[in-house]
Amino acid sequence: MTGIAAFAGTSCSQPSGEQAVQKPLNILYIMTDDHSFQTLSAYDGRYIQTPNIDRIAKDGVRFTNSFVANSISGPSRACMLTGKHSHKNGFIDNAHTFDGSQQTFPKLLRQAGYQTAMIGKWHLTSDPTGFDYWNILIGQGDYYNPTFIDNGEKRQIEGYATNITTDLALDWLSNKRDKDKPFCLLLHHKAPHRTWMPDTCDLRLYDDVTFPLPENFYDEYAGRTAAAEQEMSIIKDMDIVYDLKMADKENEIHSNPNLEGAGRYIYNNLNPDQKAAWDAYYDPIIADFKAKKRTGKELAEWKFQRYMHDYCRVIHSVDRNIGRVLDYLEEQGLMENTLIVYTSDQGFYMGEHGWFDKRFMYEESFRTPLLMRLPGGKRGDIPQLVQNIDYAPTFLELAGVTVPSDIQGESLLPLLKGEEPNDWRDALYYHYYEYPAEHAVKKHYGVRDDRYKLIHFYDDIDQWELYDLQTDPTEMHNLYGQPGYEEVTQRMMTKLKELQRQYDDPIDK
Ligand SMILES: [Ca+2]
């Protein structure tokens, strides 16, 4: 327990009322879309530096074992808002519509007197509920000149999505909120979601950098059928025109017919100034691509470099814009009464297993970055297993609101205060449903403890996988059914069934 007397009495196990926080803390929840921990220097400095995002960790905490419950956009957001696994909040895959009439933490905070706002990528199909103010991108949103829905009214805004989303957030903080009330702002960036379009001012960043290829880039998926059958391979599935911007003006380059048109549309949607900057950078690259006629490994590694450069440039813009928000909080004296959270809706593959995208329960996409800065709270690393269903009860407890019993996550507040609960969870549950769908990742569920992971791929496949994360952190060797692993398999199977019972997820798949 660290010396943060202001929080005494905020635990849900203690009575609320007079003992609750006199002046509840503000909550600034910043979430990006598809930001890998590999490209956040508070976690991993191999590729790029993110000094502004790192500021949150520097004066706060870095969760070193942070995971999602279902590694894809809408479902992950629904888990975050409700504090419940997908089968309980109903939004199991992106083909669904979020039932906005259900209980969410913003609604409960609003009832408790908070001003609530949602700005940026929403992606839950139904309109946001529980917010005093909302201004969201349509669907995935566009990087350039995006259309927002401002409390129900569509409005296109000229410019770059990450800058505009930040402008809207700063405008709400400065001019639109009731400053007599505590606030909860959900600031959701569309970046760095596919197709990783950098801001024009960042197009030449990292031009002199050659990014290291992951050791398992040429993974052949021995013993892992679902991994072999996915369609998220940089070599096979990353599109030259759509993903890698080779929309040549001569119309000589052709790619996947389902994606090429969208790739050309994205270019055509730029305004004249944006096109001029884009052409100045991409025209020589397109000419070089046509001239070299790369094949095989040379083409694969060219694609990887193009992908990494664009992705890291997009992150650089996110980092710069988060710096703007932190500067604003500092200038306004809000750092000392605001919980700041930085996370992503899941992790992402930076070429590991040869992939981009997410979905799998493998580490790169099951994990998600999670940094928090609680004034007066713990600094340093928090190693406990945490999941995005834990955010809702954390924010409620922080606000002195009783956490409803149907919320499945655990409040992280004790960990943020520096406590070491001896009954913290020892394993996490995961369930992914979106199949058949783009990228062809099979339905699966599983359990992970601090060393082992057991996964069951089901539906049109029936395959179990077991990994020892200590000896095989990149999950290349499926140990399920191997001699010597009977006991650990049995133990993980028992744990899986226990979690499925605890979370009330039907076991018979
Ligand atoms: Ca996402």
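The values are calculated or read from the model by the stated rules, or taken from the named source; none is laboratory data. Since this is a predicted model, take the numbers as computed values, not measurements. Neighbour counts are summed over all protein chains in view; Cβ atoms, including those assigned to glycine, are modelled from backbone coordinates with ideal geometry.
Within the range 360-380, residues that are on the phi > 0 side of the Ramachandran plot reach partners that are surrounded by fewer than 24 Cβ atoms within 10 Å (Cβ to Cβ) with beta carbons closer than 8 Å, at six or more positions or on different chains, in the pairs 376/2; 376/3; 376/4; 376/6; 376/7; 380/61; 380/62.
Would a scan of the range 288-299 turn up a residue that is more than 16 Å from the ligand (Cβ to nearest atom), in the same structural domain as residue 29 (by TED's automatic domain parsing), among the hydroxyl-bearing types (Ser, Thr, Tyr) and out of contact with any His (no Cβ under 7 Å at 6 or more places or on another chain)? No, the conditions are met nowhere in the range 288-299.
In the range 443-469, of all residues being touching a residue at least 60 places away in the same chain (Cβ under 8 Å) and under 14 Å from residue 427 (Cα atoms), the one that is surrounded by the most Cβ atoms within 10 Å (Cβ to Cβ) corresponds to 455. Scanning the range 66-113 for residues that are within 15 Å of the ligand (Cβ to nearest atom) and surrounded by fewer than 18 Cβ atoms within 10 Å (Cβ to Cβ) yields one hit, 93. Of all residues in the range 456-477, one or more are hydroxyl-bearing (Ser, Thr, Tyr) and not in a loop (DSSP other than H, G, I, E, B). Counting only helices (runs of 4 or more DSSP H) that sit wholly inside the range 73-190, those with at least 3 residues that are over 21 Å from residue 318 (Cβ atoms) and touching a residue at least 24 places away in the same chain (Cβ under 8 Å) are 73-82, 86-89, 105-111.
Within the bounds of the range 231-241, is there any residue that is in contact with a helix residue (DSSP H, G or I) (Cβ under 6 Å, 6 or more places away or on another chain) and either more than 20 Å from residue 439 (Cβ to Cβ) or among the hydroxyl-bearing types (Ser, Thr, Tyr) (or both)? Looking for residues that are in contact with a helix residue (DSSP H, G or I) (Cβ under 6 Å, 6 or more places away or on another chain) and either more than 20 Å from residue 439 (Cβ to Cβ) or among the hydroxyl-bearing types (Ser, Thr, Tyr) (or both), one finds at least one in the range 231-241, hence yes.
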